[in-house]
Each structure stands twice: as structure tokens, then as C-alpha cells.
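The block underneath contains the structure these notes are about, expressed in C-alpha cells.
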Amino acid sequence: MLLAALKTKSIITTLLILLAVVVIALLFFVYLQWCKKLFVRIFKRPQPMPKVDRSPATIDQSTIYGRGKNWFYTNRNEYINVRIDSFDKTKLSGYFRPAADRSAKFAVILLHGRDEHPSEMAAYARLIMRQIECHVLIAHQRAHHMSGGKYCSYGIYESVDLIRWIEFVKRQVGHDCKVFVVGRGMGAVTALLAAQQQEFPSNVAGIIADCPYESLEAVLTNEAIKKYNNKMKLPMSMVDRIMNKKFGFGMDKCDAAVHAGRIKIPVLVFQAGDDTVAPPEGARRIYDNIKTPKRLVAVDHAKHVMCYEKAPAVFEREVRTFIEQCVVRLVSRGQM
């Protein structure tokens, strides 16, 4: 009798242990699937690639950026659709506008932010064109608009794409051309990460970074706190593992601050005071680590990538001064 009771107890205990293992395994499977969906939500292409590059039917011109977009589409025939292959054979698209003076040796490359249309950069293009005679390239970041790519990597792959775009501009303008790179949000981080690479072309005269975020980890942590009031360290750790498996690198590679000291060209950073996407302290850390000629312009009460809209006179003055200083630097070094 006692032996039968012990056997029954042992069987029940074993079944309970097996049930616990099954439940834990099921919970882990559900957790893993959720993390995979989270990875897709973070990195997958924001919008499908359009079949045709159409002009919008209406454009809101209530902001500087809207008026810049309207100017771009009004003069759309001056821009040539161009395509290049990136390092991984991803087809990248862009709008290229040769300068009125085809012998001009200055060019500007403009990089939009995450989930933005390239025409958002037209206001910056118009501003730079008022300062110097230059060729203009507005790039479609990978996984955005007419560029290929399934995943956006928040500036990591995009920084290598930028180097390919610089090589394209050199072929169009001349190998002795001087390039300014203007980026906002993710585009700013793209430029900063590219400039930290050893193979970054010496043709680049300066970078204008509008509201760069410090790192991808900081962006995701900030978003998690805003949405869930939690840093979500465990899910982010699993997303990082999935990222490593999918891309071959983790979130730590997208950190614009940690290696900013490698940048060898002048940098102008705009920091938005009320930025909840790329908090001001992140831009400050990037700025503090840069060792080359630099300037940080803080625009109070501006939201993310709205510095130009909030303080247009200040923005234009700072850009004009920065370009003038970069040109003087080039002349003093005998590079012009």
C-alpha cells in the first residue's frame, strides 16, 4: 500500500515537472516570437517601395520643410534620377542636380531621417545652394522610398552607403571636388558614423548634423520608456541577439558618440531643446567627443528635427558661417 502511494506520488511529481517544463518552454517560445516581431517592427522597411516616383498631389507649405518640398517639386525637372549599387548589391536611388556652373567643385549630399521622404531635405538643399554654387545629391536611404533594402539599420549600413554616394559624386563632379554632408535624425547619425571610418573619403569638407541621436540603444530605450514606462532590458537584449544573427553585428555598432573622436573634419551639430526622440544630452555627448573644429547650436523649445523651423534666422546664419569657415580651412591647407 505504502509502495503504491510512493509510486503514485513519484508519478505525479514527474508529471508536474514535465508540465512546468512544457509551460516554461511555451512561454519562452511566445516571448521569442514577440521579440522577433519587435525586431521586425524596429528594423523592417517602414513603407513598401513605390512602383513609380510620383509627385504628391498636395503639399502642406505651412513649414519651412513644406515650402522646401514645394520648391523641389516645382523644379523637379532639374533633378536627375540616379541609381547605384551599394556594397551588398542593394540598389540605391537618389536625386542629382548638377550646378548651373558645371565646373563648380562643391557638392552637397543630403540624408533624410527614419521613415521620411527624401524631399524633406529640399529645404536644406535650397539653403546650401544660396551659400555656395554646388551640385546637389538627395539620397534615398536604404529601405526608404525608391531605394532597395528590406531592413533599415539606423545608420550602420547607411554609413557605408554614404561612402558609395560620395564616390558617385566624385565621378560626376571630379575627384578633386569638395563635399558637404547634411543629415537629420538618422541621416545625421549616418554621416557621423561614416566619418568615423578609416576609409572615409578626404573630399568631405564638413558635416552638418541636425538632431543626431547618440546611439540606437538610447533611441530604443527612450521609446520603451515613453510607451511602456520600462526600459525593457530583457526584450532589447534578445532583439540585439536577433540583430547579431541577422546582420552580423549588434546595436553597439550604431553609437555615434563613442568613436566621435575619430572624425577628422569640421562638424556643426544642431540640438533641439524639446527633442524626445534624440534627447539633447545625446547630441552633447557626441559633440564633446569630437576633436576637430566643431560647433553645437542648441535651439530651445524645438522638437525633433525642427530646429530650422523654430529658429530659421539662427539656423541659416550658423550654416553660412560654418561653410565659410570650412572653405577658409580648405584654402589654408592648400586643398583648394
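State all residues of region 169-188 that are open to solvent by less than 20 Å² (accessible area, probe 1.4 Å) and in contact with a strand residue (DSSP E or B) (Cβ under 7 Å, 6 or more places away or on another chain); if no residue qualifies, say none. Result: 169, 173, 177, 179, 180, 181, 182, 183, 184, 187, 188.
Within region 143-157, identify whether any single residue is charged (D, E, K, R) and within 30 Å of residue 39 (Cβ to Cβ), and answer yes or no. Walk me through it before giving the result.
We begin by selecting, within region 143-157, every residue charged (D, E, K, R); these are 150.
Narrowing further to those that are within 30 Å of residue 39 (Cβ to Cβ): 150.
So far as region 143-157 goes, yes, one or more of its residues are charged (D, E, K, R) and within 30 Å of residue 39 (Cβ to Cβ).
Counting only residues that are closer than 18 Å to residue 146 by Cβ, open to solvent by less than 80 Å² (accessible area, probe 1.4 Å) and of a type in the set (S, T, N, Q), region 31-79 holds 1 of them. Restrict the check to region 44-65 and report whether at least one residue is at pLDDT 95 or above and either assigned to a helix (DSSP H, G or I) or closer than 30 Å to residue 234 by Cα (or both). Yes, the conditions are met somewhere in region 44-65. With respect to (1) farther than 22 Å from residue 210 by Cβ; (2) in contact with a strand residue (DSSP E or B) (Cβ under 8 Å, 6 or more places away or on another chain); (3) hydrophobic (A, V, I, L, M, F, W, C), the lone exception for residue 57 is condition (2).
Picking from 302, 278, 298, which residue would you name as being hydrophobic (A, V, I, L, M, F, W, C), closer than 16 Å to residue 208 by Cβ and at pLDDT below 95?
Numbers: 302 fails: at pLDDT below 95; 298 fails: at pLDDT below 95.
Unique residue meeting the criteria: 278.
Which ones in region 317-329 are more than 27 Å from the chain's Cα centre (by Cα) and not β-branched (Val, Ile, Thr)? 329 - this is the single residue of region 317-329 that is more than 27 Å from the chain's Cα centre (by Cα) and not β-branched (Val, Ile, Thr).
Looking only at region 84-97, which residues are open to solvent by 70 Å² or more (accessible area, probe 1.4 Å) and either in contact with a helix residue (DSSP H, G or I) (Cβ under 6 Å, 6 or more places away or on another chain) or within 17 Å of residue 110 (Cβ to Cβ) (or both)? Of everything in region 84-97, just one residue is open to solvent by 70 Å² or more (accessible area, probe 1.4 Å) and either in contact with a helix residue (DSSP H, G or I) (Cβ under 6 Å, 6 or more places away or on another chain) or within 17 Å of residue 110 (Cβ to Cβ) (or both), namely 87. From the list 265, 286, the one residue that fits, being touching a Pro at 6+ places or on another chain (Cβ under 7 Å) and in contact (Cβ under 8 Å) with a residue 12 or more places away in the chain, is 286.
Scan region 204-227 and tell me whether some residue there is part of a loop (DSSP other than H, G, I, E, B), open to solvent by 10 Å² or more (accessible area, probe 1.4 Å), in contact with a strand residue (DSSP E or B) (Cβ under 9 Å, 6 or more places away or on another chain) and at negative phi.
Yes, region 204-227 contains at least one residue that is part of a loop (DSSP other than H, G, I, E, B), open to solvent by 10 Å² or more (accessible area, probe 1.4 Å), in contact with a strand residue (DSSP E or B) (Cβ under 9 Å, 6 or more places away or on another chain) and at negative phi.
A search for C-beta distances below 7 Å between a residue of region 153-178 that is within 30 Å of residue 252 (Cβ to Cβ) and any residue that is in a helix (DSSP H, G or I) and among the hydroxyl-bearing types (Ser, Thr, Tyr), counting only pairs 6+ apart in sequence or on different chains, returns 155/190; 158/190; 159/190; 162/190.
Among 230, 244, which is open to solvent by 20 Å² or more (accessible area, probe 1.4 Å), at pLDDT below 90 and either aromatic (Phe, Trp, Tyr) or not in a strand (DSSP E or B) (or both)? Show your work before the answer.
Working: 244 fails: at pLDDT below 90.
The conditions single out 230.
Residue by residue, here is whether (1) part of a loop (DSSP other than H, G, I, E, B); (2) under 23 Å from residue 243 (Cα atoms); (3) of a type outside the set (D, E, K, R) holds:
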position	(1), (2), (3)
157	no, yes, yes
164	no, no, no
170	no, no, no
182	no, no, yes
190	no, yes, yes
193	no, yes, yes
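Taken together, the criteria exclude residue 107 from residues that are small (Gly, Ala, Ser), in contact with a Gly (Cβ under 6 Å, 6 or more places away or on another chain) and either surrounded by fewer than 23 Cβ atoms within 10 Å (Cβ to Cβ) or under 22 Å from residue 201 (Cα atoms) (or both). If the condition is being among the aromatic types (Phe, Trp, Tyr) and within 19 Å of residue 217 (Cα to Cα), then region 235-294 contributes 247, 249, 287.
Of the helices (runs of 4 or more DSSP H) lying entirely inside region 273-336, those containing at least 3 residues that are open to solvent by less than 50 Å² (accessible area, probe 1.4 Å) span 280-289, 312-332. For region 124-168, a residue qualifies if it is buried (at least 22 other Cβ atoms within 10 Å of the Cβ) and under 16 Å from residue 80 (Cβ atoms), and the qualifying residues are 125, 134, 135, 136, 137, 138, 139, 140, 147, 165. Only one of the numbered conditions (1) in a loop (DSSP other than H, G, I, E, B); (2) of a type in the set (Val, Ile, Thr); (3) out of contact with any strand residue (DSSP E or B) (no Cβ under 9 Å at 6 or more places or on another chain) is violated by residue 239, and that is (1).
The values are calculated or read from the model by the stated rules, or taken from the named source; none is laboratory data. Nothing here was measured: the structure is a model prediction, and the numbers come from that model. Here the Cβ is made from the backbone with ideal geometry for all residues, glycine too, and neighbour counts use every protein chain on show. The area values use the complete protein model at the heavy-atom level, side chains included, leaving out ligands, DNA and RNA. Shrake-Rupley method; radii C 1.70, N 1.55, O 1.52, S 1.80 Å.
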